[in-house]
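A short worksheet on the structure shown next.
The values are calculated or read from the model by the stated rules, or taken from the named source; none is laboratory data. What you see is a predicted model; the values in this text were computed from it and never measured. FYI the Cβ positions are ideal-geometry reconstructions off the backbone, even for glycines, and counts take in every protein chain you see. Heads up: the accessible areas ignore ligands, DNA and RNA and are worked out on the full protein's heavy atoms, side chains in. Shrake-Rupley method; radii C 1.70, N 1.55, O 1.52, S 1.80 Å.
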Amino acid sequence: MARARGGGLAAWAVAVAAAWVLWAAAAAGARSPAGRAHRHLKRLNKPAVKSIESPDGDIIDCVNISHQPAFDHPLLKNHTIQFRPTYHPEGLYDDAKSSIGSDSAGEKPMLQMWHRNGRCPAGTVPIRRTKKDDLLRASSMRRYGRKRHTVPNPLSVDPNMLSEGGHQHAIAYVQGDKCYGAKATINVWEPKIQQANEFSLSQLWILGGSFGEDLNSIEAGWQVSPDLYGDNNTRLFTYWTSDAYQATGCYNMLCSGFIQINSEIAMGASIFPISNYAGSQYDISILIWKDPKEGNWWMQFGKEYVLGYWPSFLFSYLADSASMIEWGGEVVNSEPDGTHTSTQMGSGHFPEEGFSKASYFKNIQVVDSSNQLSAPKGVGTFTEQSNCYDVQNGNNGDWGTYFYYGGPGKNSNCP
């Protein structure tokens, strides 16, 4: 009898030990990078009504509009979706020069690559699926989909701050007056990136507050970022922050905030086609403006795609208005081997090469307090090292206020 009880205890002990080993292994798995990635993926990727595999390897999930990541935000739990802006800016459709085109005269439609294999149904929004490899490439999963503090401050007089964090810029800007939006037509290229942890982008910035820890920013444009996307494709992107990139905001739909209403265009998806040196030129038109009635910040892509909005409560300063607008290019210079990066900005060529060779922004405009689109006044330009990346602005009848920008990075004058 004693032997039987002892045998039972031994079996129980073995079972407990085995269970503990299984629990420990599961706990270790949950704490491992792969385990953490699984939890993050479950949070980021919402159930899809339909999924479309893009020729570039992306998977675009068509997610019910009310199930998108925005509604993970505690203040959006009972939000009523605004399906259209109350007002567009006045003057938006006054001239055809803002259209997407090959040059100032012709017009060529832009597409996203995933459109080749299907479209999302009405009532859904297209969201680029995050894969495990995307998360494992990130410096930390907590920081996945977030920028470091990178807004160019053309008003800084401290030369040590001009390329803070190894970021370099070539921009045009206006500041001082209250602004309620901005617009630009941006030439689209595929700049070469030297290091996987570097990126090159061309965008507009809607800014409020100081350049300290309270900076508000809404951003949109195109970027090449191997670290974020795992390839060198040129992709449409957005970004927002209300605390200088510290704890709030993210790229695209990688956190709660931006509410998408459009079923045609996916944030973070590849833009197609792109410009060729001395060949066909393509551009995209982006407008961001504050709805004067509801107060939300809206984004429009091209002439017909109103993509969605950032609710005004996400911001402090931008809940009222913007105090600075910037347009232009940005790269990360990680100084590989102790020398300047050869990561390109724009087309990778300097502004003086001109149309079809250098990248441009044209028809840059701002939205004023009467909800009117107009040419910006007192446009300044700024670059940290003009022998690496430069900017040259101008004005004419076809392109309105415009500038060429960019460069090759490392060269004989930029060692």
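Extending each Cα 7 Å along its Cβ direction at Y305 and Q175, get the distance between those two points in nm, one decimal.
3.2
When the solvent-accessible surface of protein heavy atoms is calculated with a 1.4 angstrom probe, in what order do F315, F83 fall, highest first?
In descending accessible area the options line up as F83, F315.
Using per-residue counts of other Cβ atoms within 10 Å, averaged over each peptide, order 384-390, 335-341 from highest down.
384-390, 335-341
Along Cα→Cβ, 7 Å out, is where each label goes; now give me the distance between the ones at A122 and E352 in nm to one decimal.
Inter-label distance under the simple model: 5.6 nm.
Between beta-carbons, use under 10 Å as the cut-off and find the net charge around G118, counting Lys and Arg +1, Asp and Glu -1.
Around G118, the surrounding residues sum to +2.
Could you state the number of Å between the C-alpha centres of region 171-200 and region 284-345?
If we compute the Cα centre of each part, the gap is 8 Å.
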